[in-house]
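Below is one structure, written out as structure tokens; comments come after it.
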There are 4 protein chains.
Amino acid sequence: MADMNTPPDSLAHLRALTRQFAQDRDWAPFHTPKNLAMALSVEVAELIEHFQWLPTGVDAELDDAARLGIRHELADVLLYLVQLADQAGVDLHAAALEKIALNAVKYPPPPGAVYP
Amino acid sequence: MADMNTPPDSLAHLRALTRQFAQDRDWAPFHTPKNLAMALSVEVAELIEHFQWLPTGVDAELDDAARLGIRHELADVLLYLVQLADQAGVDLHAAALEKIALNAVKYPPPPGAVYP
Amino acid sequence: MADMNTPPDSLAHLRALTRQFAQDRDWAPFHTPKNLAMALSVEVAELIEHFQWLPTGVDAELDDAARLGIRHELADVLLYLVQLADQAGVDLHAAALEKIALNAVKYPPPPGAVYP
Amino acid sequence: MADMNTPPDSLAHLRALTRQFAQDRDWAPFHTPKNLAMALSVEVAELIEHFQWLPTGVDAELDDAARLGIRHELADVLLYLVQLADQAGVDLHAAALEKIALNAVKYPPPPGAVYP
């Protein structure tokens with residue numbers, strides 16, 4: 001069972017769910033970091049496919065089928081990302097906070113900005 | 001400032017941070033769904049680059065530079081994913097839970113499995 | 001009509017065919033370099049999908065459906081690549097020869113090698 | 001040496017050059033179809049990177065550095081594509097012609113079109 005002590009919106013919660021899902025299906029031999037990275041790239045392409053011929057991809061350019069497809073593909077990307085980070089031993093949320101801090105140095109905010 | 005009422009590990013927290021970051025730099029005109037989807041795919045490729053010539057990508061095949069690079073690229077993928085979902089009006093965590101439920105129907109667990 | 005003075009195996013021949021194909025369907029407004037680059041990446045992902053869970057992707061690991069799919073996806077990648085190069089004003093074959101020469105400097109052959 | 005009986009603009013010519021290049025460097029163990037497909041996707045992303053924040057990627061939006069980068073990345077994509085097709089035993093040009101014929105059925109030309 002997934003650990004229910006994690007916050008309902010947390011990445012650790014999704015990690016627990018995906019671990020259990022893969023374990024129940026004996027997918028460990030397939031879930032090498034290399035394979036998961038490939039699977040991740042395939043899901044990103046399925047996401048891109050919805051946007052490739054559109055001007056910008058804003059909501060007004062989409063129909064309901066595209067909206068649902070985008071929702072599902074965003075989820076697929078996240079689920080493979082969580083699994084790849086898990087196999088790589090990376091705490092995704094901590095890594096994201098680190099990267100935001102690095103980006104803030106690389107792209108300094110203009111004067112008057114409130115972040116961070 | 002990001003909303004500090006969200007759980008510390010949550011996707012909503014990262015969404016708040018990335019919104020502020022982009023707003024402070026006036027990046028909204030560039031952050032169309034289409035452009036963010038392309039940026040996402042570029043970051044995924046930078047992640048894949050670490051694995052392409054390795055047998056499986058497990059930790060023993062990596063050196064410290066690769067480990068750090070993978071950590072940073074995983075973060076970059078997550079940050080663009082969060083921003084794309086935000087622009088698309090998708091709650092990433094809710095969408096992921098929906099997709100796990102759909103996947104459980106598509107790939108039924110073998111008898112005796114405890115999930116979901 | 002495609003120019004029949006080009007060699008039968010040439011990239012210029014494919015360029016002529018793809019130009020005519022797009023022109024007959026009024027696809028020019030969609031075939032911006034940016035859109036073609038996205039379409040190219042989608043086709044590459046459809047190719048990758050055939051290999052993602054396989055050990056190495058050598059012929060013995062494939063069935064006939066995979067072999068046919070790989071053949072078609074390789075073709076799709078080439079056709080979008082030819083069209084993108086055409087829009088970008090790049091002679092693909094000349095660019096490839098230049099890149100091979102640059103690669104030969106970057107990765108010098110070991111002593112005794114006959115190339116280039 | 002590459003076979004000089006192939007037409008100067010041909011894909012078979014590039015295949016001969018890339019075979020020799022890889023052979024001289026003993027890269028065969030790395031050049032599995034799976035690895036080449038990953039390398040191909042990385043090169044496509046490096047191409048996409050030039051277009052991701054531009055409106056359409058037409059020449060007027062580019063500077064000389066971008067033009068050169070695009071030329072080199074187009075070449076890299078082609079070279080990996082040629083190598084992957086070679087490992088997969090696929091004649092790229094023949095496969096492209098087949099796919100054009102299939103596409104002509106899938107997307108019939110409007111009345112009056114001269115193709116194919």
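The values are calculated or read from the model by the stated rules, or taken from the named source; none is laboratory data. These figures come from a predicted structure and were not determined experimentally. All Cβ positions, even for glycine, are placed from backbone atoms using ideal geometry, and neighbour counts span all protein chains on display. The accessibility values were calculated without ligands, DNA or RNA, using every heavy atom of the protein model including side chains. Shrake-Rupley method; radii C 1.70, N 1.55, O 1.52, S 1.80 Å.
Any residue that is more than 7 Å from chain B (Cβ to nearest Cβ), within 28 Å of B:E61 (Cβ to Cβ) and in a helix (DSSP H, G or I) - is there at least one of those in the range A:95-110?
Within the range A:95-110 (the criterion being more than 7 Å from chain B (Cβ to nearest Cβ), within 28 Å of B:E61 (Cβ to Cβ) and in a helix (DSSP H, G or I)), the answer is yes, since at least one residue qualifies.
From A:D24, A:D64, which residue is open to solvent by 50 Å² or more (accessible area, probe 1.4 Å) and among the acidic types (D, E)?
Answer to the selection: A:D64.
I'd like to know if the range B:2-19 contains one or more residues that are within 14 Å of chain D (Cβ to nearest Cβ) and buried (at least 18 other Cβ atoms within 10 Å of the Cβ).
no
Of the conditions (1) among the aliphatic types (A, V, I, L, M); (2) farther than 30 Å from A:H31 by Cβ; (3) within 16 Å of the chain's Cα centre (by Cα), C:I70 fails just one. Which one is it?
Every condition holds for C:I70 apart from (2).
Where residues in the range C:27-49 are open to solvent by 30 Å² or more (accessible area, probe 1.4 Å) and among the charged types (D, E, K, R), which of them is farthest from the other protein chains (Cβ to nearest Cβ)?
The residue in question is C:E46.
Determine whether A:Q52 is part of a loop (DSSP other than H, G, I, E, B) and open to solvent by less than 40 Å² (accessible area, probe 1.4 Å).
So A:Q52 fits the description; yes.
Can you tell me which condition D:G89 does not meet? The list is (1) within 8 Å of another protein chain (Cβ to nearest Cβ); (2) buried (at least 16 other Cβ atoms within 10 Å of the Cβ), and all the others hold.
(2)
I need a count of the residues in the range B:68-83 that are more than 7 Å from chain A (Cβ to nearest Cβ) and surrounded by 21 or more Cβ atoms within 10 Å (Cβ to Cβ).
So the answer is 4.
Tell me whether the range A:58-78 contains one or more residues that are at pLDDT 95 or above and in contact with a Ser or Thr (Cβ under 7 Å, 6 or more places away or on another chain).
Yes; the residues of the range A:58-78 include at least one that is at pLDDT 95 or above and in contact with a Ser or Thr (Cβ under 7 Å, 6 or more places away or on another chain).
Restricting to the range B:89-111, count the residues that are in contact with a Pro (Cβ under 8 Å, 6 or more places away or on another chain) and of a type in the set (V, I, T).
The total comes to 1.
Output the residues belonging to the range C:55-66 that are more than 8 Å from chain D (Cβ to nearest Cβ) and part of a helix (DSSP H, G or I).
C:A60, C:E61, C:D64, C:A65, C:A66 - these are the residues of the range C:55-66 that are more than 8 Å from chain D (Cβ to nearest Cβ) and part of a helix (DSSP H, G or I).
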